[in-house]
Amino acid sequence: MTGINFHGIWAIYRFEMARTLRTLWQSIVTPVITTSLYFIVFGGAIGSRIDSIGSVNYGSFLVPGLIMLSLLTQSIANASIGIYFPKFTGTIFELLSAPISALELVVGYVGAAATKSIVIGLIILATSALFVPLRIDHPAAMLAFLVLTSVTFSMFGFIIGIWAKGFEQLNIVPALLVTPLTFLGGAFYSIDMLPQPWRTVSLFNPVVYLISGFRWAFFGKGDVDIAWSLGFTGVFLALCLGLIVAIFRTGYRLKS
């Protein structure tokens, strides 16, 4: 039984991180400016009318939602573009014929995408501290959610990158599904504020559970029980793993 090819994983990871570092300034400035605008618009316009939500200052309440919005979109975008380019240029065949397993290939690409997302999430957290008072009741849980969400949605992005036949398709799922679900998933409000039946309808939005769990790590409270948040994240992670296994076993859009 052969061991894990750490050199292969590191080569892919280093290549992807080098591609990221070429746009490092843009990667840092964009989330800082975006976060600042969110606080100016939402914190100023809505915060002046909503003093607090569940004893939490509204500006502080926004932070987990802003970070989660960035995590989901960045994780998907980074991973999908990372694996799509080898398909587009034809170098995917060199990767598939190299002495590296499917698992090692996925770890390299997903690891790099998740790393960038985590860094951006931490940058947004630091930027937020300049605008609002922050408290993190469960720092270990916050970091765990940060890493787990980044890895899970980087895997989802990896699947999208393999599925996409063109650059247009790379943006379909994030633009038409993930971003709307995030905005409707309690990123900027509590679903407890919604009247029935919309509150019940919101519980069918999977992003609600991600944001609620992440917000619980900050303030010790969320819209749904923390066990449901962890359970959903685990189920989605397992589903992504299963799909990736099926893709490499069948060669779906990899060998043709």
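Using mean Cβ contacts within 10 Å as the protection proxy, how do 185-193, 53-61 order, highest first?
For the peptides 185-193, 53-61, the packing ranking is 185-193, 53-61.
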Quiz item: Roughly what angle does helix 58-89 make with the longest principal axis of the chain, taking Cα atoms, 0 to 90 degrees, to the nearest 10?
Solution: 10 degrees
Quiz item: Residues with amide H under 5 Å of Ile100's amide H, sequence separation 5 or more or different chain, H placed in the peptide plane at 1.01 Å from N; which?
Solution: none
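Can you order the peptides 161-174, 84-97, 117-130 by their average number of other Cβ atoms within 10 Å per residue, highest first?
Put in order of decreasing packing, that is 117-130, 161-174, 84-97.
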Quiz prompt | ³J(HN,Hα) computed for each position of the range 123-135 - Karplus, 6.51 cos²θ - 1.76 cosθ + 1.60, integer Hz, glycine/proline x | solution = 5, 5, 4, 5, 5, 4, 5, 7, 9, 9, x, 10, 9
Quiz item: Rounded, prolate or oblate: which one fits the chain, using the alpha carbon gyration tensor with axes a ≥ b ≥ c (rounded when a/c is under 1.5, else prolate when a/b beats b/c, else oblate)?
Solution: prolate
Quiz prompt | Gain in span if fully extended, Arg135 to Phe167, counting 0.36 nm per residue against the direct Cα distance | solution = 7.5 nm
Quiz item: Got a sec? How would Leu230, Leu21, Leu239 order by Cβ neighbour count within 10 Å, fewest to most?
Solution: Leu21, Leu239, Leu230
Practice problem: Check cross-link reach from Lys116 to the aspartates and glutamates: straight Cα distance under 16 Å, and skip same-chain residues fewer than eight apart. | Solution: Glu16
Quiz item: Taking the highest mean first, how do the peptides 62-71, 103-112 order by number of other beta carbon atoms within 10 angstrom per residue?
Solution: 62-71, 103-112
Self-check item: Gain in span if fully extended, Arg199 to Val41, counting 0.36 nm per residue against the direct Cα distance
Solution: 54.4 nm
Quiz item: Simple spin-label model, 7 Å along Cα-to-Cβ: Trp10 to Thr250 in nm?
Solution: 3.6 nm
Self-check item: Cut-off 11 Å (backbone N to label point 7 Å along Cα→Cβ of Thr30), residues of the range 76-111
Solution: 77-78
Exercise. Take the alpha-carbon centre of the range 42-105, take the same for the range 174-227, and report the distance between them in whole Å.
Key: 17 Å
Exercise. Return the sequence-ordered ³J(HN,Hα) values of the range 21-36 in whole Hz as given by the Karplus equation 6.51 cos²θ - 1.76 cosθ + 1.60 applied to θ = phi - 60°, using x for Gly and Pro.
Key: 5, 5, 10, 4, 4, 5, 5, 8, 5, 4, x, 5, 5, 4, 4, 4
Self-check item: For the range 110-256: rounded, prolate or oblate by the Cα gyration tensor [a/c cutoff 1.5]
Solution: prolate
Practice problem: Would you grab the residues whose amide H sits under 5 Å from the one on Ile53? Only those 5+ places off in sequence or on another chain, please, with H modelled 1.01 Å from N. | Solution: Tyr58
Practice problem: Place +1 on the Cβ of every Lys and Arg and -1 on the Cβ of every Asp and Glu in the range 6-250, take the dipole about the Cα centre, and give the residue among Phe248, Val201, Tyr13 whose Cα lies farthest towards its positive end. | Solution: Tyr13
Practice problem: Calculate, in nm to one decimal, what Met17 and Leu122 gain on full extension: separation in residues at 0.36 nm each, minus their alpha carbon distance. | Solution: 36.1 nm
Quiz item: Once phi is turned into θ = phi - 60°, what whole-Hz ³J(HN,Hα) does the Karplus curve with 6.51, -1.76 and 1.60 give for every residue of the range 153-170, x standing for Gly and Pro?
Solution: 7, 5, 5, 4, x, 4, 5, 4, x, 6, 5, 5, 9, x, 4, 5, 5, 4
Exercise. Using only Cα atoms, tell me the angle between helix 226-250 and the longest principal axis of the chain; keep it within 0 to 90° and round to the nearest 10.
Key: 20 degrees
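Read the figures in this text as sums done on the coordinates, not as results from a lab. None of these values were measured; they are calculated from a predicted model. Using ideal geometry, Cβ is built from the backbone for each residue, glycine included, and neighbour counts are taken over all protein chains shown.
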